[in-house]
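Structure first, commentary second.
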Amino acid sequence: MHRDTLPPSPVHYKVKNMRSDSRLSRMLHVLLHMARHDQPFTSEQIATMLSTNPVVVRRTMAGLRKAGYVRSEKGHGGGWTLSCDLQEVTLLDIHKAVGGPRIFFIGHENENPSCGVAKVVNAALGDVLKEAEALVMQRLEAIPLAELLAEFEQLYKAEMAELDRKMAEQ
């Protein structure tokens, strides 16, 4: 049978259909909303924003609370609020606080191969992936949340100015 006629391998199918871990981007979204609104957000409000379950929100926010980035108050008027300086907290800090997974999920077929070819392949892939992950982590560490908030504020102002311009034309 010719290679082009072979069905996709089970490994290819798993990777292609594997859900990505969106905890980092979702929690950054929440934290930036919290920074813009000086009021507590309930787990239910956050769950609605993220189209998820409040239990999932509480579980994820617990990591942020443990790291000191948010606090929670129970009862009427309670909810989640920021408890950190956004200039001091980086994307890497949030990644770690939400229990972020390894950046790359590419792995070896066999961690301890007896085949010499597999050993060479594992070594080459291992080095490349370590270098790539180190670079990604370095970049995440260089971006404070305040930078994202400032970028959003600029975007928001530009969008509002455009909306005002369009409304004035009508």
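The one condition from (1) open to solvent by 60 Å² or more (accessible area, probe 1.4 Å); (2) farther than 26 Å from Tyr69 by Cβ that Gly126 does not meet is (1). Number of residues in segment 42-74 that are open to solvent by less than 100 Å² (accessible area, probe 1.4 Å), among the hydroxyl-bearing types (Ser, Thr, Tyr) and under 16 Å from the mean Cα position of the chain (by Cα) equals 3. Is there any pair with a first residue in segment 21-42 that is under 18 Å from Ala97 (Cα atoms) and a second that is among the polar types (S, T, N, Q) whose Cβ atoms are under 9 Å apart and which are 6 or more apart or on different chains, and what are they? Close Cβ pairs satisfying both conditions: Arg23/Thr60; Arg26/Thr52; Arg26/Thr60; Met27/Thr60; Val30/Thr60; Met34/Thr81.
Please count how many residues of segment 20-41 are within 13 Å of the chain's Cα centre (by Cα), open to solvent by 90 Å² or more (accessible area, probe 1.4 Å) and not hydroxyl-bearing (Ser, Thr, Tyr). Residues that pass the stated criteria total 0.
Condition check: open to solvent by 90 Å² or more (accessible area, probe 1.4 Å) and either modelled with pLDDT of 95 or more or closer than 29 Å to Gly63 by Cβ (or both). Does Leu135 satisfy that? Against the criterion (open to solvent by 90 Å² or more (accessible area, probe 1.4 Å) and either modelled with pLDDT of 95 or more or closer than 29 Å to Gly63 by Cβ (or both)), Leu135 qualifies.
Within segment 45-67, residues that are over 13 Å from His29 (Cα atoms) have Cβ atoms under 7 Å from residues that are assigned to a helix (DSSP H, G or I) and of a type in the set (S, T, N, Q) in these pairs: Pro54/Ser43; Arg58/Ser43, counting only partners at least 6 apart in sequence or on another chain.
The values are calculated or read from the model by the stated rules, or taken from the named source; none is laboratory data. Remember, it's a predicted structure, so these values are computed and weren't measured experimentally. All Cβ positions, glycine included, derive from the backbone under ideal geometry; neighbour counts span all protein chains shown. Calculation scope for accessible area: heavy atoms of the full protein, side chains included, ligands and nucleic acids excluded. Shrake-Rupley method; radii C 1.70, N 1.55, O 1.52, S 1.80 Å.
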